[in-house]
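Encoded as structure tokens, the structure appears first; notes follow it.
No lab work stands behind these numbers, since they all come straight from the coordinates. Because the structure is a prediction, the values reported are computed rather than measured. Every residue, glycine as well, gets a Cβ built from its backbone with ideal geometry; the counts of neighbours run over all protein chains shown.
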Amino acid sequence: MKRVIAIDGPAGAGKSTVARRVATALGYLYVDTGAMYRAMTLKVLRCGIDPADRQRVAQLAQETDIALATGPEGAPQVVLDGVDVTAHLREPGVDLAVSQVAAIPEVRERLLEVQRALARRGRVVLEGRDTGTHVAPDADLKVFLTASPEERARRRYRELVAAGHAVTLDQVMEALRQRDRQDMTRTAAPLQRAADAIEIDTTGRTVDAVVEEILRYCREGE
Ligand code: C5P
């Protein structure tokens, strides 16, 4: 059985749902690295700091503690300076600023330490943009999830509406485009498919089908 699994891909490709289900099926820890960047962004916004102000954001990152925990019924939680902030991580303000904050090398270095320490323990499913290329380049299994831009926007739109946010599909599509562009073109650990990753297009496929396919790869070679 593969012990370290890295699942990367752009926003809305279905990574979180799939990675979480794979982790549950295997009894592994689920590490949502995007949620850590979101928690850092939440703190930047709450402190009234401009996400483009590299120096101040870098300094703030040094004074910030971000950890993962497991809540009631096994739900993953992100703990920012000792407080569970999971419910705030998907707010549109965080969506808009997170790629800017995640592009700051000092922020990445800080979170990389935490993520690598979790990866070293083994029996983990890492999910994000650079887990197969930077966090765990020697992962036992690397998956790169994609989906068409329209489907990715529709998924994110449904998620936001369900959470009570007043947004239009066009706004969500534009925000996703902008985030993709920023994530792919930044210099520090850009979103990239690792050369040895298996690419799975989730467009029009059920979560069950994608999870099953990944679990088959996990069991390969046993
Ligand atoms: O996966 P999620 O949409 O929650 O990620 C939010 C943002 O965090 C991404 O758009 C990206 O800017 C950043 N991120 C990153 N590296 C990761 C995971 C997320 O830069 N490994």
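Highest mean first, what order results for 23-35, 133-145 on Cβ atoms within 10 Å?
Details: 23-35: 19.5, 133-145: 21.1.
Per-residue Cβ counts within 10 Å, averaged per peptide and sorted highest first, yield 133-145, 23-35.
Which percentage, to the nearest 5, of the DSSP beta bridges contained in the chain is antiparallel?
Rounded to the nearest five, the antiparallel share is 30 percent.
What ranking do Tyr217, Tyr157, Tyr37 get, fewest neighbouring Cβ atoms within 10 angstrom at the top? Don't skip to the end; give the middle numbers.
Working: Tyr217 17, Tyr157 20, Tyr37 24.
By the 10 Å Cβ count, ascending, the order reads Tyr217, Tyr157, Tyr37.
Alpha carbon centre of segment 143-199 versus segment 65-105: separation in Å?
Here the two parts' Cα centres lie 17 Å apart.
Let me have the 222 nm mean residue ellipticity of the chain computed from DSSP H runs of 4+ only, each contributing -39500 (n - 2.57), with the sum over all residues rounded to the nearest 500. The partial results should precede the final answer.
Numbers: 8 runs with 106 residues, N = 222.
Calculated from helices alone, the mean residue ellipticity at 222 nm is -15000 deg cm²/dmol.
Label 7 Å along Cα→Cβ of Glu63; segment 32-54 residues with amide nitrogen under 14 Å?
Counting backbone N atoms under 14 Å from the label point, the list is 43-50.
Whole percent per 10 Å bin, from 0 to the bin with the longest distance: what is P(r) over all C-alpha pairs of the chain?
Taking every Cα pair in the chain, the percentages come to 8, 34, 39, 17, 2, 0.
Using a Förster distance of 35 angstrom, determine the FRET efficiency expected from the C-beta separation of Asp140 and Arg46, and round it to 0.05. Walk me through the numbers before you get to the answer.
Details: r = 38 Å, r/R0 = 1.08.
Given R0 = 35 Å and the Cβ-Cβ separation, E is 0.40.
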